[in-house]
Amino acid sequence: MKKDLSNIKKAKYLLDYNHCVAIPTETVYGLAANAYSNKATSKIFKLKKRPKSNPLIVHYFRIRDLKEDCELNNNFHKLYNKFCPGPITFVLKLKKKSKISKNVTNGKNTLAVRFPKNSVTRSLLSFLKYPLAAPSANIYTQLSPISKKDVREEFGKKIKFILDGGVSKVGLESTIIDLVNKPQVLRLGGIDIRKISKVLKRKLNYTKNKSIKVPGQSKFHYSPGIPIRLNVKKRHSDEAFVLIHKRKEFDKNYFYLSKNKNLKEAGKNLYKTLRKIKRLKFKKIAVEKIPNIGLGRTINDRLKRASKR
Ligand code: TXA
Ligand code: MG
C-alpha cells in the first residue's frame with residue numbers, strides 16, 4: 001500500500017484537535033485518539049459504546065517515547081527486539097509522571113502498549129507529539145474490522161475519518177502479555193505464544209483467568225451476532241460452513257479460511273469470512289474442527305467466544 005501523505009496529514013490534523021480517527025494496523029483497524037487527552041479518549045468509549053472500565057491499548061512509534069510513560073524491564077526488551085513492530089501488546093507499570101489520560105487506564109497503575117507495524121500508521125505516529133490510544137474499531141462485542149470498508153460498516157458517518165492502510169495482514173488482534181510481574185498471557189493473538197515462550201526461556205500457559213483481567217476474555221465477544229456450531233463434520237442445510245481444507249464437492253454455503261490448513265492464512269481470513277457470512281444474512285454458522293495449535297488456538301478462542309450466546 002502506497003503511503004498517501006495528504007491523508008496522513010489529515011489524520012494528524014483531526015487527532016491534534018482531539019477527534020477520533022480510525023487507523024490501519026497489521027492486526028485489525030483501531031479507533032484512535034490522543035492518549036494524553038481526556039477529551040479525545042472519552043470520545044472513543046462513546047463511539048464504541050464501550051464500558052469505561054475496559055482499559056485501552058496505547059500505540060507508540062518508538063521506545064524513547066514509551067520511556068516517558070512506562071517502566072521497562074528485561075523481558076520487555078527481549079520481546080521488543082524479537083517481535084516489534086508487530087502484533088504483541090505488553091502490559092507494563094505506568095510511571096507516576098506519565099501524561100496518559102485516566103480514561104485510558106481506568107485509573108489503574110498499569111498500561112497496555114504496542115508498536116504497530118502498518119507503515120501508514122507508523123508514518124502517522126512519527127509525526128505526532130503523543131501516542132495513540134486505540135481499541136479495535138468496532139462497536140463493543142462486535143466483529144473487529146480489517147479494512148476501511150469494515151470500519152465504515154461499523155460506524156457509518158459517526159467517525160470523521162478512516163485512514164486507509166490496506167487490508168490488515170495478520171487479521172487477528174495482538175497477543176497480550178502482562179510483564180509487570182511473572183510473564184502471563186492475557187489474550188491469545190497474532191503471535192504464537194510458543195514463540196514468546198522461547199524468547200523468554202520459560203513456559204507460558206494461557207488459561208482463562210477466573211478474575212477477568214482482560215474484558216476481551218469475557219464470553220460473548222467478537223460476535224457476528226449469529227449462532228456458531230464448532231467442530232462440525234457435516235453442515236445442516238441452513239448453515240454457512242466455514243472450512244480450512246478443500247473439499248471435493250462445490251457448495252455455495254462453503255466458506256474457506258484456507259484450502260490447505262494454513263493457520264496463518266486462516267487467521268487472516270477469519271473476520272473477513274464471518275463478516276461476509278453476516279452480510280449474506282445467514283442465520284447459522286457451522287465451523288469445521290480447527291487444529292488447536294499456534295494461531296489455531298487464537299482462531300478457536302475467537303470462535304468459542306463468538307459462539308456463546
Ligand atoms: O491488535 C490489537 O491489540 C488491536 C489494535 C487496534 O491494536 N487493539 C485491540 O484493542 O484489540 P481492544 O481494546 O479491542 O482490546 C484490548 C484489550 C482489552 O481487552 C483490554 O481490557 C485489555 O486489552 N487491556 C488494556 N489495558 C490493559 C491493562 N492495563 N491490563 C490488562 N489488560 C488491558
Ligand atoms: Mg476489541
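Within the stretch 143-161, how many residues are more than 12 Å from ligand 1 (Cβ to nearest atom) and either part of a helix (DSSP H, G or I) or closer than 24 Å to residue 225 by Cα (or both)?
Step one: filter the stretch 143-161 for residues more than 12 Å from ligand 1 (Cβ to nearest atom), giving 147-150, 152-161.
Those left that are additionally either part of a helix (DSSP H, G or I) or closer than 24 Å to residue 225 by Cα (or both): 147-150, 152-159.
Counting residues in the stretch 143-161 that are more than 12 Å from ligand 1 (Cβ to nearest atom) and either part of a helix (DSSP H, G or I) or closer than 24 Å to residue 225 by Cα (or both) gives 12.
Can we say residue 275 is touching a helix residue (DSSP H, G or I) at 6+ places or on another chain (Cβ under 8 Å) and not aromatic (Phe, Trp, Tyr)? Give the steps one after another, and end with the answer.
On the way: touching a helix residue (DSSP H, G or I) at 6+ places or on another chain (Cβ under 8 Å): yes; not aromatic (Phe, Trp, Tyr): yes.
Yes: the conditions hold for residue 275.
Would you tally the residues in the stretch 84-110 being under 16 Å from the mean Cα position of the chain (by Cα), surrounded by 22 or more Cβ atoms within 10 Å (Cβ to Cβ) and more than 16 Å from ligand 2 (Cβ to nearest atom)?
Total meeting the criteria: 1.
So the check is Cβ under 6 Å with 6+ separation or different chains; which pairs have a first residue in the stretch 114-126 that's more than 14 Å from residue 29 (Cβ to Cβ) and a second one that's part of a helix (DSSP H, G or I) and at pLDDT 95 or above?
123/8
Got a sec? Which of 130, 140 is assigned to a loop (DSSP other than H, G, I, E, B) and either under 20 Å from residue 50 (Cα atoms) or in contact with a Pro (Cβ under 7 Å, 6 or more places away or on another chain) (or both)?
Working: 130 fails: either under 20 Å from residue 50 (Cα atoms) or in contact with a Pro (Cβ under 7 Å, 6 or more places away or on another chain) (or both).
Answer to the selection: 140.
Could you say which residue among 203, 182, 169 is buried (at least 16 other Cβ atoms within 10 Å of the Cβ), assigned to a loop (DSSP other than H, G, I, E, B) and more than 16 Å from ligand 2 (Cβ to nearest atom)? Spell out how you get there, then give the answer.
Details: 203 fails: buried (at least 16 other Cβ atoms within 10 Å of the Cβ); 182 fails: buried (at least 16 other Cβ atoms within 10 Å of the Cβ).
Exactly one of 203, 182, 169 is buried (at least 16 other Cβ atoms within 10 Å of the Cβ), assigned to a loop (DSSP other than H, G, I, E, B) and more than 16 Å from ligand 2 (Cβ to nearest atom), namely 169.
Kindly state which helices (runs of 4 or more DSSP H) lie completely within the stretch 1-83 and contain at least 3 residues that are closer than 14 Å to residue 121 by Cβ.
5-16
Which residue out of 299, 285, 293 is within 20 Å of residue 146 (Cβ to Cβ) and over 18 Å from the mean Cα position of the chain (by Cα)?
On the way: 299 fails: over 18 Å from the mean Cα position of the chain (by Cα); 293 fails: within 20 Å of residue 146 (Cβ to Cβ).
From the options 299, 285, 293, the qualifying one is 285.
Looking at residue 248, is it basic (Lys, Arg) and closer than 21 Å to residue 302 by Cβ? Full working, then the answer.
Numbers: basic (Lys, Arg): yes; closer than 21 Å to residue 302 by Cβ: no.
So residue 248 does not fit the description; no.
Which count do you get for residues in the stretch 81-108 that are at pLDDT 95 or above, more than 9 Å from ligand 1 (Cβ to nearest atom) and farther than 23 Å from residue 29 by Cβ?
Here the count works out to 9.
Tell me which residues, restricted to the stretch 97-112, are in contact with a Pro (Cβ under 7 Å, 6 or more places away or on another chain) and in contact (Cβ under 8 Å) with a residue 60 or more places away in the chain.
Of the residues in the stretch 97-112, the ones in contact with a Pro (Cβ under 7 Å, 6 or more places away or on another chain) are 104-106, 108, 112.
The answer is 104, 112.
Does residue 208 satisfy being at pLDDT 70 or above, assigned by TED's automatic domain parsing to the domain that holds residue 254 and more than 14 Å from ligand 2 (Cβ to nearest atom)? Explain how you work it out, then say what you get.
On the way: at pLDDT 70 or above: yes; assigned by TED's automatic domain parsing to the domain that holds residue 254: no; more than 14 Å from ligand 2 (Cβ to nearest atom): yes.
Judged against the criteria, residue 208 is not a match.
Identify all residues within the stretch 239-260 that are more than 14 Å from residue 277 (Cα to Cα) and either buried (at least 17 other Cβ atoms within 10 Å of the Cβ) or of a type in the set (Val, Ile, Thr) (or both); write none if there are none.
244, 258, listed by residue number.
Can you pull out every residue in the stretch 65-96 that is polar (S, T, N, Q) and in contact (Cβ under 8 Å) with a residue 12 or more places away in the chain? I'd like the intermediate steps shown before the answer.
Step one: of the stretch 65-96, the residues polar (S, T, N, Q) are 73-75, 81, 89.
Passing the criteria: 73, 75, 89.
The values are calculated or read from the model by the stated rules, or taken from the named source; none is laboratory data. In this text, all values refer to a predicted model and were calculated from it rather than measured experimentally. Positions of Cβ are generated from backbone atoms using ideal geometry, with glycine treated the same way; all protein chains shown enter the neighbour counts.
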